[in-house]
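> Right, I'll just put the structure down here and ask away after.
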Amino acid sequence: CHRVVESDRPALDLLHDDFTFTITGKNPWSRTIRGKEAVRRELYGPLFEQFADRYTTELVGVIAEGDMVVIEHLGHVATKRGGVYENEYCLVGRMENGRLMSLKEYACSFHVDQVLDPPPWAAAGVPA
């Protein structure tokens, strides 16, 4: 079931306008972001800005039942700081009318903290 996808931008057309993205863990990236445009601006913008090349996703597995979907994947990319960001993810999502309404991300927050710079909103003291 492994499939590798390279992307320099997430598939925003799959997200509902009222999409909610929750990043679990205890690091500066951990929070809930509400709204497709806010996710694009506050998460994907500052995140992809740190990447030196294309982000590669290796799909490990998908389970779907009713309106729920669970996705396991591996992410890999070189960063502009000279490191390599490699993480394992489990995403739990809820679909509505063919679009993602919500996604909750589980990953190694320690690795995120070690390899990525904090997002601008964390440095500004914006609450999670």
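The values are calculated or read from the model by the stated rules, or taken from the named source; none is laboratory data. The structure presented is a predicted model; accordingly, all values stated were derived computationally and were not measured. All Cβ positions, even for glycine, are placed from backbone atoms using ideal geometry, and neighbour counts span all protein chains on display. Accessible surface is based on the protein model in full, side chains and every heavy atom, while ligands, DNA and RNA are left aside. Shrake-Rupley method; radii C 1.70, N 1.55, O 1.52, S 1.80 Å.
> For residues that are assigned to a strand (DSSP E or B), at pLDDT 90 or above and not acidic (D, E), scanning just the stretch 1-30, find the one that is nearest to L74 (Cα to Cα).
Ranking the candidates gives I23 first.
> Which is out of contact with any strand residue (DSSP E or B) (no Cβ under 7 Å at 6 or more places or on another chain), hydrophobic (A, V, I, L, M, F, W, C) and surrounded by 16 or more Cβ atoms within 10 Å (Cβ to Cβ), of L47, L100?
L47
> Which of (1) in contact with a Phe, Trp or Tyr (Cβ under 6 Å, 6 or more places away or on another chain); (2) open to solvent by 40 Å² or more (accessible area, probe 1.4 Å) does A52 not meet, given it meets every other one?
Exception for A52: condition (1).
> Please identify the pairs in which a residue from the stretch 60-73 that is more than 11 Å from G93 (Cβ to Cβ) has its Cβ atom under 6 Å from the Cβ atom of a residue that is open to solvent by 80 Å² or more (accessible area, probe 1.4 Å) and outside any loop (DSSP other than H, G, I, E, B), counting only partners at least 6 apart or on another chain.
Here the result reads V60/E72; G61/E72, each pair linking the stretch 60-73 to a residue that is open to solvent by 80 Å² or more (accessible area, probe 1.4 Å) and outside any loop (DSSP other than H, G, I, E, B).
> Mind checking whether some residue in the stretch 73-90 is open to solvent by 30 Å² or more (accessible area, probe 1.4 Å) and polar (S, T, N, Q)?
So far as the stretch 73-90 goes, no, none of its residues is open to solvent by 30 Å² or more (accessible area, probe 1.4 Å) and polar (S, T, N, Q).
> Further question: Of the residues V92, V84, V39, only one is modelled with pLDDT of 95 or more and closer than 22 Å to L14 by Cβ; which?
Testing whether each residue is modelled with pLDDT of 95 or more and closer than 22 Å to L14 by Cβ leaves just V92.
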